[in-house]
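Structure record follows, encoded as structure tokens.
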Amino acid sequence: MWPRNFFAMKDVEMKIIQLTDSHLMPSGIVVNGVDPEKQLRAAVSDIVDKHADADLLVVTGDLCNFGDPEAYALLQDILAPVSFETRLLLGNHDKRPQFRNAFPDHPVDENGFIQSWLDTPYGRLLFLDSHEHGVIGGIYGEDRMGWLDSALASAGDLPVTVFIHHPPVDCGIAHFAHIGMHDDGRLIERLAAHPAGVRHVVFGHIHVPLSGTSREGIAFSSGQACSHRFITDLDAPDPMWTGGNPCYRILLLDEVGFRAYSVEVGQTPTTRADICAGP
């Protein structure tokens with residue numbers, strides 16, 4: 001576990017980079033019409049080039065498409081140029097034993113789940129493990145809830161920002177009607193009970209950007225998938241996959257709160273905007 005005041009010396013915002021749903025395969029294998037290695041290498045190269053001042057990289061699950069040892073080794077290679085701290089989360093496509101073999105030093109809880117926390121000047125960051133072998137949706141049962149209860153209790157008056165693969169809310173998309181979080185809302189209700197509040201819940205899984213607020217008043221959002229993504233269709237149980245430029249998000253935490261900015265790698269500039277001096 002990192003020390004409580006790891007970022008205490010910083011007097012500016014905390015910059016976090018979120019990548020999600022990279023779906024890596026061994027080199028040369030295409031998934032749903034997209035080369036996931038090419039996508040992730042381009043995204044990481046852009047991050048390294050433009051965000052060397054970042055404090056943390058969080059990859060919110062589905063790191064690899066089938067959890068192959070070769071794919072996790074490829075992930076190690078692709079992430080090697082990243083000079084700042086990294087937190088990797090598991091999604092339904094991952095395999096926990098293979099991940100732990102590839103990343104033996106990655107933080108885990110006392111039960112071996114890929115869970116950890118980090119304190120910052122702007123609250124506690126919680127990294128949760130919703131992966132369950134053989135289940136497409138998310139599981140967050142008592143075997144994990146005990147760790148969360150302890151992490152929330154010890155946070156005291158610190159607000160929390162939560163990172164997880166599966167959305168702990170109904171995302172309102174037909175394709176995910178049966179493969180969301182299988183917990184009847186218990187996780188989001190437990191987070192809502194934290195006296196110091198929840199700044200934001202950040203997730204992946206759905207392969208489209210989404211932002212909203214839960215009925216408990218908790219703000220949440222997902223980033224665009226780095227690899228293949230859906231053509232947004234809220235009603236189709238079988239939406240179409242598509243490609244596109246690699247994507248990631250810049251997340252800023254400071255005394256103002258939480259802000260998220262989407263980045264698409266490889267866009268072609270047209271003309272430069274004028275400087276707007278106001279009023």
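Just so it is clear, none of the values below were taken in a lab; they were calculated from the coordinates. Only a predicted model underlies this, so the values are computations on that prediction, with no experimental measurement involved. Methodologically, a virtual Cβ is constructed for each residue, glycine included, from the backbone with ideal geometry; neighbour enumeration extends over all protein chains shown.
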Checklist outcome for this item: To the nearest 20 debye, the chain has a Cα-centred charge dipole, built from +1 on Lys and Arg Cβ and -1 on Asp and Glu Cβ, of 340 debye
Item to check | Mean separation of Cα contacts under 8 Å, 6 or more apart, over the residue count of region 201-241: relative contact order % | outcome: 36 percent
Item to check | Whole-Å semi-axes of region 237-279's equivalent ellipsoid (Cα gyration tensor) | outcome: 28, 21, 11
Item to check | Only Lys, Arg (+1) and Asp, Glu (-1) charged, at Cβ; region 63-205 dipole about Cα centre in debye | outcome: 220 debye
Checklist entry - Mind checking the log10 I(q)/I(0) for region 193-279 at q = 0.22 Å⁻¹? Debye, one equal scatterer per Cα, no solvent, two decimals. => result -1.13
Item to check | Selection from 59, 258, 155, by position along the positive dipole direction of the chain (Cβ) | outcome: 258
Checklist entry - With charges only on Cβ, +1 for K and R and -1 for D and E, what is the dipole size of region 142-265 about its Cα centre, in debye, rounded to 20? => result 280 debye
Item to check | Coordinate range along principal axes, alpha carbons of region 14-264, Å, largest first | outcome: 48, 41, 35
Next on the checklist: For a quick check: sort 119, 77 by the number of other beta carbons within 10 angstrom, fewest at the front.
Outcome noted: 77, 119
Checklist outcome for this item: The long-range amide H neighbours of residue 200, using H built 1.01 Å from N in the peptide plane and a cut-off of under 5 Å, are 162
Checklist outcome for this item: Ranked from fewest to most other Cβ atoms within 10 Å of their own Cβ, 145, 240, 181, 25 fall in the order 240, 145, 25, 181
Checklist entry - In region 197-279, which trypsin sites (Lys or Arg not before Pro) fall in coil by DSSP and have 12 or fewer other Cβ atoms within 10 Å? => result 215, 272
Checklist outcome for this item: In whole Hz, the Karplus estimates of ³J(HN,Hα) for region 161-175 (6.51, -1.76, 1.60; θ = phi - 60°; x where Gly or Pro) are 10, 10, 10, 7, 7, 7, x, x, 9, 6, 7, x, 10, 4, 4
Checklist entry - Between 47, 276, 176, whose Cα lies farthest towards the positive end of the dipole of the chain when Lys and Arg beta carbons carry +1 and Asp and Glu beta carbons carry -1, centred on the Cα centre? => result 276
Item to check | For 50, 95, order by how many other beta-carbon atoms lie within 10 Å, fewest first | outcome: 50, 95
Next on the checklist: Amide H of residue 61 versus every other amide H placed in the peptide plane: which residues, excluding those fewer than 5 positions away on the same chain, fall under 5 Å?
Outcome noted: 21, 89
Checklist entry - Once you put a point 7 Å from the Cα of residue 45 and another 7 Å from the Cα of residue 256, both along the Cβ direction, what distance in nm separates them? => result 3.2 nm
